[in-house]
Every structure is written in structure tokens, then in C-alpha cells.
Amino acid sequence: MIRRVVVAAAAVAAIGAVVVSARLGGEEPMPAAPFSGEVTPAAQPVACPGPVEIPVGEIEGGDPALGSGSDDRTYAGEGGAAGTEPLGAGFLVRGDAGASVERIGAGDVAGLAAASCVAPTRDQWLVGGSTTLGSSARLVLSNPSDATTEATVTYYGPLGKLEERTVATLAAGAQREILLEGVVPEVSALAMRIVATGAGVVAHLQDSRLDGFQAAGTDWVGRGAVPSTSLVVAGVGGAEAESTLRIMAPEGATASLTLTGEDGIVEWGGVTALSLEPGVVTEVEIPQVEGARSRSAPIPPWSPRR
Amino acid sequence: MSLARLLVRAIVVSDTRSERLPDVLAAVAAQTQRPDLLHVVLPADAERPRTPEGLEIDWVVGGRTYAEGVDAVLAAHPSHPHEYVWLLHDDSAPLPDALARLAATAKKRTAAAVVAPAQVRWDDVSRLVGLGVTTTVIGARRIDLVDEDDINQGQYDERDDVLAASLAAALVRRDAWERLGGLEPAYRGFGDSLHFCRLAWRSGYDVVIVPAAKVRHAQESLTGERGGALRGRARAYGAGRTGEWIHALSWSPAIAVPFLVVWSFLSAALRAVLRVAQNESRMVGADLAVPWRVLTRLPRLPGIRARIRRTVTRPRAVVRPFLVGARAVASHVRSREMRAYDRWRAQSAPSDMVRAELAEAAIRRRTGLAALALAAIAASVALHGTWLTALGSGRMLVGEALGATNVSLAALWERTWSGWDPSGFGSPALDGAFSAMLLPAAVLPGGVRVWVGLVLGLGVAIAVVSAWWALGAATRSVWARALGALAYGLWPLHLQAISDGRLGAVIAHLMLPWFALGLARAAGWHRGEAVGGGEEFPARRHASPSAAMGAAFSAAVIVTAAPALLVPLVVILAAAGAVAGRARWRVWSAAVPALVVSAPALVAAWHAGVVSRDAWAILARENGPALAAESVEPWRLVLGLTGETALTPGLPDAAATLAASAVGIGIVAAAALAALSGRAPWAVAGGLLTAALGVLAAAASQATVVVAADGAGQAAANGFAGPGTSLAAAGLIAAAAAASSRLWAGSTGPRRTAVRLVSSLVVTAFAATLVCVVVVEAWPTRPERGDVHPSDATVLPLVAELEQELATRQRALVLTDTEAGVDYAVLERAGTVTLTGRAQRDAEGAALAGSGTPAVTPETLAPVVATMAGAGTGAEERLVTWGIGVVVAAPESPMIAGALAQIPGLHLIGASEYGTTFRVEPEEDTVVARAWIESSGAETVTLESDSRSGPTRDAGGAGGTLVIAAAADPGWRATGDGRALAAVEDAEGRVAFDVPAGVDTVTYAYVDEGYRFWWWASAVAVAWAMIGMVPLHDRRYVAVRR
């Protein structure tokens, strides 16, 4: 009899324990809060690419007018109060801004070319250049920071993203040039994306055109804005010359173009709505229109332009 | 042959503590040849016993000791020629013809100083107690020349000359007595006969034994029964051993005396260990006290040796033939053991029929064990086979909670010995028990990596086999044991703990069956093997002291691995002891090692308020790997469901839950059946109460936050319900097994058929369920329960590891890119290591063992890490202040690697698949170290370190401040040129001391006296339990002693 009582009491105790322990209030473990703080990264110097180079090199013909080079060269690089330090063929400025201007009187690359010094960055787009017959694109990568960087360049053309890629490793204070007609030849409209590690890289593109034996112009292409859904391009159109807008959407997009002038939107007869394939570089001719000054291109996503 | 008649003077000395004095006097009166004179020496105011008829007694007042009594009588009565003194004890009664035979021999052997009789047992004259004594050549160990309680069949009748004999009821020549000076008082009654007889031999006399003359001797002094005190045996033993050593010291060459004293200490230590193994605790004290008693008597030694020198006439060679060597001692001990074994076997041997049944049962049992072991190992391999092969190929198991498992022996030893936990910036540790528990794994070949991996990988198999052994105490049925063992091994929370890497919960689950087995055997509650006719063999089970020590050791390990089980285990032991009858003190003593090991936590809980949530949080602390887990209702816990019951692909939710809880449902159903059946009520009640305690412990554990986020990489975590549910499952399984005992063979007729049918069905169903559970758990596409997985044994790039191993003991900062930002960890060793145990902190972050103020943790480095992640400069100097010399960007963290590359103070030293490593060097030639001496004028002197101390090194003599990159605590001590250095405040919260100019050498260490005391106490307690666990002399001696 007592044994049954004992077992019953134990069973009651066991069930009671389950019930009582259900009533125990509990604490929850709190995860530790992450620290958020503001950080000022170290300022990197700005860098410029240096003088323009003749794509085919110095070729002496008998006639000075037929030679590719020229003795009439003027080059100036300014760094302001901070002064300039050499960086490969170019220079860097330990300050906020710098620029270089160059004038070449004759030869293949006759013309006026100016470049502004920019700070290195990890991800940039350069829209410009062409590697068809008569055009030369020379990409100059500079690393003004104190750390090694590795830059990867991907190319986009009229047929979309190109298979060739360039990977360049730059030591601290090094500069490297890549002649793109040897990498991606016969691309009429070129856009490239440069992704770098570390502090980033400074990229400039020397775009030189040759019309037979006549120089058709040389200029430096600098970094463009990051792809976005709304971009404003200033200085297009105008009464003096035709402009070409080069537009590319890495992921594909529909773009609508609006030309605005001093007095507001200007009607123009060109294409206003563009359907862009992913990675395809499209060129839009903008005719001479009175009073046109800028162009905006809303709607999704992305395209740097020229 | 002398014709002169002997004069026999009988002297009986009594201290009236024996009740046998009247018997002695009656025996003297009954002698065929009565002594000529009879003196009885009594204390001053003692009552005189009744004088037998015809006896003339001269009552004399005696001194304190036997020798003084004899001397008092002899002083009062001058010597006669041919006088012999018959020395009688008050518990030695001669048989009627004893004196006649003794006197006859004395007449023949005139050169004999001592003529001794054979001593027989008081209550059985056919059994010999003493027939001469000899001793060893070295060390003077006393060897009786006859086995104790040997039956006298006349085998010793030819013996005459012996080295010595007990002087009780021996005839001693008066002139020899006086020439030799009587009994040596330094022996205090134990061993003085041997001394006297040896002195007699060396002085030209003989010692003769007369086997035909018998004296009944009760040996009350030897057995310690004098005065009715039963505990005197230990004291008498101690006195006897001391006497042996005094004998050795007196008779050995003078040059050997110091060696003998040292040897007495060593021998006492060894004997004490042997006593612990034999579980005779009282004798431990007696054995350890012997050398000290010898030391207290050492001043008398020169006097003894002088007396010997004065008295001896013959050289040592006279005595040499009597002395025995080590082989005789060995055979003496061996024959004693064999006798006890024979007696035990005679008492407990089974009859032939029973023996046959036992043999059959043994075969069944061993087959069952083999099959079960195979099944268990198969289950383990099915569940965690990839882990085992990975261990074989040199990889290690890692997990979020487990950390890295390739911990070195040095790390574990430093952690447990010093009481300083070096993780993060270091903090005082509450106790070092967890790392002490893992020390054996580090010592064995393979290291912690292999053994922890095996414990986790084979956790199911080990649990199954352990539960088999434990269930053998509850039931002898092979099927019940096998099913119960498999249910215990496949307990879902155990599987969860293995997958999570919660080593503490796994070890607790593995050790609980051994604790239960030890407890059952300690109280003698275990079942005997079932033999025909409803009986068991052995019919009466004895409580086993070694099992109690086994339970104590298991309890200590369980309490170290899962501290939440301390309170339930202590309650269980208290309750079990209360009903254990004679074994109650043994059962209660099983709680001692567990309590000693948990002492720091108990003290801390006391200070936190005895009954409060904080105190429970300390008691339920997590020593090893911990992980936050969801709280689950208690009824789910009983069924084995956790919050993260993984779904099985292909099964709907309800079915998956059912599959996960199948084992739990089976166990609960079995326990319910057991309770309703009314069989084995006490065992079932005990099991249900244990289950109740387990559920309470489990629910209370998971409701408490036991690990506070400590800024050294550990997230806050609540307790794990696993250990409590292990206890609950163990209780329920034990209840079910106990109730199922003898089920198959019991009952008769149709009831038996029904019972057998039902139990066969139940067994089959349960076995099928278990197989299904294993299949479901091991299903390949099932998501893992936890995150333990094998991984490369290398955690940090080699360059970083090497910097950590250097004498400068730099720390490493590891940065990882995550979606939410940057994770950082300050590492003392390669990988976060939780296996060395946790320095417990309270809710505010203050170390429980420290002074109560929150210590500095790596949380203070967050702004520095943010600056570095943003490529800002100027933050790396703070790394140097905390001894961080290496920064590692984890693999696949390009953003952080790029950011670190831009910082001029960090120099890239290598990039590998394990990460990118940078050295911290803000200025040229900065050496980063754990400890250094800085001063404003002179160069910084870097010092060598390990995790908690630094050896004596040259300080440069310029003075300055000794800075140690560890969290400040009063326990840090530094000495310069032998003198203590004063501690100074440090702005960063580091340990700092002021070094005066001119000091040449400094050394520093973390010292905690309280911790050291606890360490030695728990080491002794656990070692005692381990040695006592050895089943030495257990059953045999207990059986024959009672």
C-alpha cells in the first residue's frame, strides 16, 4: 500500500515539476550592439597622366609635315601650392587639385589636350575612345597611393561586353600604359570599367584620331559619373558643331533623352527614347540646335555617357 | 640438564580495562603446575577481582605501563637463583598444562632467556594466533611466523628456536631480565617483545618457543578492543608500525638511520595511497601519522642504541639466520590475500546449478553487449562518420560554439594552474576545472583535437555503452538494457549538443550513467543475476565503497562539465544517503569532490545573494562552449524536442515533429507503464523524482542568461536545457528498466503469456522506432542540427601564428568583412578557444573572481578597428598599447584587406589562403610585446612572457614603468631585484608597476592564493576519488569482515 503511495507521490512530483517549470520566467540573451562610428579615411594624392604620346611612335619622314612627331610641344602641369612630384611619366599633387595642359603643333597628335588630376578610386567608368583604323586609345593607369593595387579593366563595345580583360598590378608610385588597339582592336565606340583594390587607381584615356595623314584631334578622357538612373551631360549640342552622345547601360535599360537649353526643354528631332541592350555602347548623334546646352537622360538604370 | 628446581614468579599486570582478568586468574589457578608466587598489579584505586580457590595473590599497586608494573614487583622482591618470571597479560589465559611444559623446557634449555608458549585464539583453542615473530633484514617489518587463525594440526610442533616471541605468558629468566634492562619504554608496548628477544640473542641467550604449551590470548591491545573501543584498531596499527620503525632504527647500522627516517616517510605515503584505494579512510590517517610519531621518539634513539651497545656480547651474525628477506614478505602478504580470497569464495560460491545458469546468462549478456556495441558504433558512424574520417586525416572539428579544438597542453595547463584566463585582454578566472578536465586528452597521443573529436563523433556510441553498464544495476534483461541504452544514446538533445559542439553537455550525458551505476552499487541496490526459482545471485548484495568513490569521481566530472547539475546531484545523493542504511556515510561522501570542485562558484553565489537569480546564474554557469538557444516549454523538453527541430524533407510538419520526439515519447510511455504497474516501487519513485529534478534544472537553465557578452568574441547565451533533460531521461529510463526487471521470467499461466506477448510487441515497436530515428537523423539531405564541421587544423596564417608563439607573445587582431560591417576578434592563440573554460563574468561584465569592477575588454578597440577599416591613419598606436602585433584580414575579405593595405603603420608580411597578414609597426623598430618597460628617456625594454607571467629578465637599469598588456587586477605581482614593485594606475586600464632606477632584473606573475588553495584541495579530492575507485579488496574483505 505504502509502495503505491510512494510511486503515486513521485509521479505527482514529476508532473508538478513540469508544470512549475513552465511558469519560470526567462531572460533572453541580448546580442551585443555593433559599434558605429565616423571615420575619415586618409587623403590620397591626386595624379595626372603626363604628356600625350604618339600612338605609332616617332616616325621621321623626309618632310617635317609628314612626320608623326613634332618639335612644337608645350606641356605644363600645375599642382598649386603643394607642388608636383613625378609619378611615372606624369605627376602627383599632395593637395586637393592639379591639372596639366599640353599643346602640340604638328604631327599625328597635334592639338590641345588637357587633363585634370584626380584622386584614386576603386571603381570608375571611362566612356570614350575608339580603336578602329585611324583611332588610338591609350589607357594610362597611375597609382599615387602608398599601397600596391591591382586594377581590372573590362571593356564594352557596340556589340556588348567584350571578352578581353586586362589585369594590371601597380606598385606604389607606379604608372602603366596600355594601348587598347592591341587589346580590343576595331571597336568603334569604347567604354571601360576599371575596378581596383586597395586605395584605387587613377585612370586616364588618351583618345587620338587621325584622318589619313592629318591629325584629327587628341584629348584626355577622364573619369565619368557612376551609372545612375538620371544623368545630366552638359555642353552638348550648340550651334558650332555636332555632338555625339555615347551611352551604355551595363544591365540594359530604357533611356529617354531630353535636350534642355537656357530657356528650357528644346525640341529636337533625334531619338528621344532608347532601348539599350546590356553592355552595348550606343552612339546618338545630336544635331546642331539653337540654344541647346545640356542633355538629360532619365529612366532606369545606368549609363555613363559622353 | 639442571636438577635445580625453578622458581616461577607469575606477574599479572592489568589496567582494569579488560574484562578477562578473572578468567586469567582462574586459568592460573587451574594450572597443573602452579606458579610459586603470584603478583597481580592493578592501578591505585581499582577494584580487585574475586580470588580463585587456593590462590595466594599479592596485590601490588602498579604504574602507568606494563613494564613499570613488572618493575615495581621485581623491585620489591629480590632475585632468587633460578628464578623465572612468568609475565601474564590480563587477556592471556594459559591452558592447564602450559606452565608445566614451559618449565620443563626451561629446565632443559638453561641458556634460554625467554621460553614462550604458543598463543591461540581466546574463543577457539584450535586456531593459532602467534607462534614466534621474526623481522626483515632491512626495515624491520614484523612477520608473524604463523598465519593468522591457522588451524593447529601439529605442523609447528618441531619449532623451538625463534628470533622472538610475544612475552605474554612467557617465562623469562630473572637474571636475564635484569641484565637486559627489562622492556624498552620507548616502544610503549608495541614491539618491545621483539626488541627484548633480539637483545637476548645478541647478549648470549636463546629464545625458545614451546608449541605444546598453549595460551589463550585475546590480543586486546592489538585489535584495539581494550576498553570496548572498536575504533582502536587504527590507533593500535599506528602504534605497531611506529614500533617497527623504532626497532629498525635501533638495530640498523648507524649510517643507515637517516635513510630509514626518509624511507619511513615514503613508505607511509605509499601505504596511504594503498589505503585510499582500499577505501579504508581511518587507516589513511594512521599511516600518515606513523613517520611523525617516529620523529617524536627519535630523541630516545641514542639512549636505546647506547643500551644495546652496552649489553650485546655476540655479533650481528647470530641473529642473521632468523631474519627474512623481501621474498618472505611477499609470500607472507600473498598467503594472507589468498586466505581472505578463499574464505570469501567459500562464503559466496554459487552451487553448480546456479553456476550453469550464471554461465548461460553471461553468454547472453556478452552477446547482447557485442551486438549493442556494433549497433551503437554503426549509429555513430551513420550520424557523424565524416567527422571521424576527417580526424584521421589530420583535420579538426570546429564550430561557432566549439571554437578551435587543437588546444595545446601548455595552454590548458597555464589556464588551470594560474587562474588567469588570457582570452581577450585577460581576466581572473572563477575556476580552472574545465581545462583540468581536458588535461588527460592533451597528454594522450593525438592531443585534444583527436580526443575531443572522438568524444563528439562517437558520443552516441559511448553514451549507449555507458548506459548499458548502468542499466545492468536496474535490470539484468539483455533486451531491456539494450533498448534503454539505445534510447539514452539517441536522446535528441544529446544529438543536438553534439552537433552544436557543446562539449560540456556531451560529457555530462556520457558520465551520468556511471554516476548512477556508482550510486546504485554504493548503496547495494544493484540487481543480482537472475537464476531459476525467482532468486538472484548473489542473494544479498553488498554496498561497495569503491563504487561510492566512482560515483564521487563521476559527480565531480559532471559538475565540471555541466555545473547546472550540481544542485540536482547533491539533492539526489542526500536523499539516497538518507535511505541507504549502513552505507549512508559512503553515499554522502560521494558529494564531497563535486562540492570541492564547485567551491569557488558556491562562494560567488553566496556573495551574490543566496537565493536570487544572480546566484542561480552563477550556479548554472557554462564552463565550456555555449550558444544561445531558443527557450522551449518543459513538456517539449521531456519529449526531447528542441526549438530548432530540423524538418525532414519529404515529411509534413506534424510527422517530422513526431519523428523527432519518438524517443522521448517512448521513454515517457515506458515510465508511465512502470509507474502504473506497481513493480519495483522504490526504484520507480526514485527515477520519477530524478526526472522531476532534471526537468526543473533544464527549465531553470534555459531561462537564465549564463554567458554575458564579454567583448572578446563571445555572444550572450542562455543555459542549455540538455544536461537537465539528460538527467530526466536517465531517471525515466531507470524507472522503466527497474520495473521491467524479472518481467519475462515472472508470473505464471495465461498472465505470463499475455505479459510475454505484450512485452515482445513493445520491444519490437521500440526497436523499430529507434532504427527509424537513426535513419531520419542520418538522412543525407536533412539540414544539420548544428554547425560543427571538420576543418583544416590551421586557423591563422603561419606568419601570424609564429608571432603569437614568440617570447614576446603578441596578440593577433583578426578582421572579417560581413554584410553588416566588420567583425573583429583579439586572439591570444590561433582561433577562438572556448575549450580552456570561461572566466565567468556577471551581468555588468565584472569578473566574478575579480574585484568587482568591470575589466577592460576588447570592446574598447571598436573605434580603432573602425578607423582602420576606413583606411584612416593614427589608430594603430593603440594596437601597440595592448600588445597586438599582427593584424590579419580574414580570407575573402577584400575590402578590409584593401583598407589595411593603405595604412602606413601596417606592413604587409604575407598573403595566403588563410588570410592576409600585416605587422603593426607605427614607427621604425617598434617591437610589440606583451610586457615591456617604458621610460621617457631611455629605450623601451621588451620582456618575455607567457599568458600569465614573465621570467626574470634584465631590466636595463634605467627604471621606468613596467607595463603588462593585460587587464588590471590586484592579483598581478611584480618584483624587481627580489623586492616587490608598487602598482600604478594606467590610463588604458593595463597592469603597470613602477620600476625605480637602478633595478637590474624584473619578473612578474599573476598570483591568486585563494585560487591556489582551491586548486590543491580539488586536486586532492579528485585524486582521492580516482584512487578509491580502484576496486581493491572490495567484495572479499567486506564479506569476510562482517
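The values are calculated or read from the model by the stated rules, or taken from the named source; none is laboratory data. Predicted model only: the values in this text are computed from it and were never measured. Note that each Cβ is placed from the backbone with ideal geometry, even for glycine, and that neighbours are counted across all protein chains shown.
Conditions tested, residue by residue: (1) within 14 Å of chain A (Cβ to nearest Cβ); (2) over 30 Å from B:Ala846 (Cβ atoms); (3) in contact (Cβ under 8 Å) with a residue 12 or more places away in the chain; (4) of a type in the set (S, T, N, Q).
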| site | (1), (2), (3), (4) |
| --- | --- |
| B:Ala656 | no, yes, no, no |
| B:Ser677 | yes, yes, yes, yes |
| B:Ala683 | yes, yes, yes, no |
| B:Asn718 | yes, no, yes, yes |
| B:Ser747 | no, yes, no, yes |
| B:Arg751 | no, yes, no, no |
Yes/no for A:Asp146 being within 14 Å of another protein chain (Cβ to nearest Cβ) and within 15 Å of the chain's Cα centre (by Cα): no
Residue match in the stretch B:416-433 (condition: part of a helix (DSSP H, G or I) and of a type in the set (S, T, N, Q)): yes
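Is at least one residue of the stretch B:42-63 assigned by TED's automatic domain parsing to the domain that holds B:Arg216, part of a helix (DSSP H, G or I) and among the β-branched types (Val, Ile, Thr)? Show your work before the answer.
To start, the set of residues in the stretch B:42-63 that are assigned by TED's automatic domain parsing to the domain that holds B:Arg216 comprises B:42-63.
Cutting the leftovers down to part of a helix (DSSP H, G or I) gives us none.
For the stretch B:42-63, residues assigned by TED's automatic domain parsing to the domain that holds B:Arg216, part of a helix (DSSP H, G or I) and among the β-branched types (Val, Ile, Thr): absent.
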Matching residues in the stretch B:97-119 - criterion: being buried (at least 23 other Cβ atoms within 10 Å of the Cβ) and more than 16 Å from B:Arg173 (Cα to Cα): B:Ala98, B:Ala118, B:Gln119
Selected residue (criterion: nearest to B:Gly533 (Cα to Cα)) from residues of the stretch B:342-366 that are within 33 Å of the chain's Cα centre (by Cα) and polar (S, T, N, Q): B:Ser348
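Which one of these is hydrophobic (A, V, I, L, M, F, W, C), surrounded by 18 or more Cβ atoms within 10 Å (Cβ to Cβ) and within 15 Å of the chain's Cα centre (by Cα): A:Val109, A:Val184, A:Val140, A:Val93?
Residue meeting the stated conditions: A:Val140.
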Checking B:Ile903 against (1) surrounded by 24 or more Cβ atoms within 10 Å (Cβ to Cβ); (2) more than 14 Å from chain A (Cβ to nearest Cβ); (3) of a type in the set (A, V, I, L, M), the condition it does not meet: (2)
Helices (runs of 4 or more DSSP H) (entirely within the stretch B:245-356) containing at least 2 residues that are of a type in the set (Gly, Ala, Ser) and closer than 30 Å to B:Leu1032 by Cβ: B:257-277, B:281-297, B:326-348
Any hit, the stretch B:169-176, residues being under 21 Å from B:Leu74 (Cα atoms), surrounded by 22 or more Cβ atoms within 10 Å (Cβ to Cβ) and either among the β-branched types (Val, Ile, Thr) or not assigned by TED's automatic domain parsing to the domain that holds B:Val129 (or both): yes
Conditions (1) touching a helix residue (DSSP H, G or I) at 6+ places or on another chain (Cβ under 6 Å); (2) in a loop (DSSP other than H, G, I, E, B); number of the one not met by B:Thr917: (2)
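What's the total number of residues in the stretch B:368-384 that are within 31 Å of the chain's Cα centre (by Cα) and touching a residue at least 24 places away in the same chain (Cβ under 8 Å)? Even if it seems obvious, please write down each step before you answer.
Keep residues of the stretch B:368-384 that are within 31 Å of the chain's Cα centre (by Cα), which gives B:369-370, B:372-373, B:376-377, B:380.
Still in the running and touching a residue at least 24 places away in the same chain (Cβ under 8 Å): B:369, B:372-373, B:376-377, B:380.
Of the residues in the stretch B:368-384, 6 are within 31 Å of the chain's Cα centre (by Cα) and touching a residue at least 24 places away in the same chain (Cβ under 8 Å).
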Subset tally (residues that are within 24 Å of B:Glu622 (Cβ to Cβ) and assigned to a helix (DSSP H, G or I)) for the stretch B:556-587: 17
Set B:Leu743, B:Leu732, B:Leu757, B:Leu693: member being in contact (Cβ under 8 Å) with a residue 60 or more places away in the chain and either more than 13 Å from chain A (Cβ to nearest Cβ) or outside any helix (DSSP H, G or I) (or both): B:Leu743
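Here's the yes/no breakdown for (1) modelled with pLDDT under 95; (2) crowded, with 24+ Cβ neighbours inside 10 Å:
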residue: B:Ser423; (1), (2): yes, yes
residue: B:Ser435; (1), (2): yes, yes
residue: B:Gly446; (1), (2): yes, no
residue: B:Leu454; (1), (2): no, no
residue: B:Leu458; (1), (2): no, no
residue: B:Val464; (1), (2): no, yes
residue: B:Ala467; (1), (2): no, yes
residue: B:Ser477; (1), (2): yes, yes
residue: B:Arg481; (1), (2): yes, yes
Residue in the stretch B:48-61 that is of a type outside the set (Phe, Trp, Tyr), at pLDDT below 85 and in contact with a Phe, Trp or Tyr (Cβ under 9 Å, 6 or more places away or on another chain) present: yes
Any hit, the stretch B:154-166, residues being within 22 Å of B:Val28 (Cβ to Cβ) and of a type outside the set (Val, Ile, Thr): yes
Strands (runs of 3 or more DSSP E) within the stretch A:140-186 that include 2 or more residues of a type in the set (D, E, K, R), touching a strand residue (DSSP E or B) at 6+ places or on another chain (Cβ under 9 Å) and farther than 14 Å from A:Gly198 by Cα: A:160-170, A:174-179
Residues within the stretch B:520-555 that are more than 16 Å from the chain's Cα centre (by Cα) and part of a helix (DSSP H, G or I), tallied: 5
Evaluation of B:Thr942 against (1) surrounded by fewer than 21 Cβ atoms within 10 Å (Cβ to Cβ); (2) over 30 Å from B:Arg973 (Cα atoms) (one fails), failing number: (2)
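Answer with yes or no whether B:Ser408 is surrounded by fewer than 24 Cβ atoms within 10 Å (Cβ to Cβ) and either over 18 Å from B:Gln804 (Cβ atoms) or not hydrophobic (A, V, I, L, M, F, W, C) (or both).
Numbers: surrounded by fewer than 24 Cβ atoms within 10 Å (Cβ to Cβ): yes; either over 18 Å from B:Gln804 (Cβ atoms) or not hydrophobic (A, V, I, L, M, F, W, C) (or both): yes.
Considered against the rule, which asks whether it is surrounded by fewer than 24 Cβ atoms within 10 Å (Cβ to Cβ) and either over 18 Å from B:Gln804 (Cβ atoms) or not hydrophobic (A, V, I, L, M, F, W, C) (or both), B:Ser408 comes out as yes.
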Number of positions in the stretch A:21-55 that are more than 7 Å from chain B (Cβ to nearest Cβ) and surrounded by 14 or more Cβ atoms within 10 Å (Cβ to Cβ): 12
Residues located in the stretch B:853-894, provided they are in contact with a helix residue (DSSP H, G or I) (Cβ under 8 Å, 6 or more places away or on another chain), within 9 Å of chain A (Cβ to nearest Cβ) and part of a helix (DSSP H, G or I): B:Met868, B:Ala869
Checking B:Glu934 against (1) within 26 Å of B:Ala591 (Cβ to Cβ); (2) in contact (Cβ under 8 Å) with a residue 12 or more places away in the chain, the condition it does not meet: (1)
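Listed here are the residues, each with its yes/no results for (1) over 49 Å from the mean Cα position of the chain (by Cα); (2) within 22 Å of A:Ala196 (Cβ to Cβ); (3) touching a residue at least 24 places away in the same chain (Cβ under 8 Å).
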position: B:Ala869; (1), (2), (3): yes, yes, yes
position: B:Thr881; (1), (2), (3): no, no, yes
position: B:Pro891; (1), (2), (3): no, yes, yes
position: B:Gln902; (1), (2), (3): yes, yes, yes
position: B:His907; (1), (2), (3): yes, yes, no
position: B:Glu921; (1), (2), (3): yes, no, no
position: B:Arg930; (1), (2), (3): no, no, yes
position: B:Arg953; (1), (2), (3): no, no, yes
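Of the residues B:Ala737, B:Ala672, B:Ala699, B:Ala709, only one is part of a helix (DSSP H, G or I), buried (at least 19 other Cβ atoms within 10 Å of the Cβ) and within 14 Å of chain A (Cβ to nearest Cβ); which? Please lay out each step first, then the result.
Details: B:Ala737 fails: within 14 Å of chain A (Cβ to nearest Cβ); B:Ala672 fails: buried (at least 19 other Cβ atoms within 10 Å of the Cβ); B:Ala709 fails: part of a helix (DSSP H, G or I).
Testing whether each residue is part of a helix (DSSP H, G or I), buried (at least 19 other Cβ atoms within 10 Å of the Cβ) and within 14 Å of chain A (Cβ to nearest Cβ) leaves just B:Ala699.
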Odd one out for A:Ala147 among (1) out of contact with any helix residue (DSSP H, G or I) (no Cβ under 8 Å at 6 or more places or on another chain); (2) surrounded by 23 or more Cβ atoms within 10 Å (Cβ to Cβ): (1)
